[in-house]
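Values quoted throughout were computed directly from the atomic coordinates according to the rules given, and no laboratory measurement underlies them. On a predicted model such as this, the values are computed, not experimentally measured, just so you know. All Cβ positions, glycine included, derive from the backbone under ideal geometry; neighbour counts span all protein chains shown.
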Amino acid sequence: MTYWLKLLAVIIIPPLGVFLTVGLRGAFWLNILLTLCFYIPGFIHAAYILARSLPRHA
Amino acid sequence: MHIQQDIDQDLALLRKVAMRMDALFTIPGTRVTVGLDNIIGLLPVVGDLLSVVPSVWMIHRAHKIGASPGTLAYMSFNTALDLLIGSIPIIGDIFDVLYNANLRNYAALETNLNRRAARAKQVFNPQLDAEAWI
């Protein structure tokens, strides 16, 4: 459930998705900068941060 | 005369589309206008790409009517700006609401066509030609 909420946040407002994943860390500020470069870099970075935070399947 | 009528009809249609896209209604108490472009554009990239379709159609029609290359370039620039900045989530949506690219495009097209028509009348003025012949 949280995952889908985060994914939605990543799609609509990438920095919000990163904030929900790692909080106010460096990645969050970096993501704001990347999103200001016309969204797409920020989206890729946010998707990466979200994917990194997921538990690994064996 | 038929040509003139066709252009008037085309312009009326373009004006309607531009109004729908940029000025569907006004936020009460302000002069800020909101249109379909702004509503669809809330979805980051896909929405802005969708809202570019009518803009490109308008540029195509303007080319067919006979707008000058400079005006077409200006319209393309406006559309590209609308797409690029509009795709940034929150800031871009605010920009979209305030900028009204389609209305600007329509106004530029109308000015351009009026100027061309005026110039054409100056060159082919029947009255002046008649006087010259007398």
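The table for this structure:
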read-out	value
Karplus (6.51, -1.76, 1.60) ³J(HN,Hα), θ = phi - 60°, over region B:18-27, in Hz, Gly and Pro reported as x	4, 5, 4, 6, 10, 9, 5, 8, 9, 5
Fully extended contour minus Cα-Cα distance, from residue B:68 to residue B:56, at 0.36 nm per residue	2.7 nm
Helix B:89-99 axis, angle to chain B major axis (alpha carbon atoms, nearest 10°)	30
At R0 = 25 Å, FRET efficiency that the Cβ-Cβ distance of residue A:24 and residue A:56 yields, to 0.05	0.45
Inter-label distance, nm, simple model (7 Å from Cα along the C-beta direction), residue B:90/residue B:30	1.5
Quarter of Cα convex hull surface for region B:1-108, i.e. mean projection, nm²	6.7
Listed residue (B:120, B:34, B:91) projecting farthest to the positive dipole end of region B:19-129, Cβ model	B:120
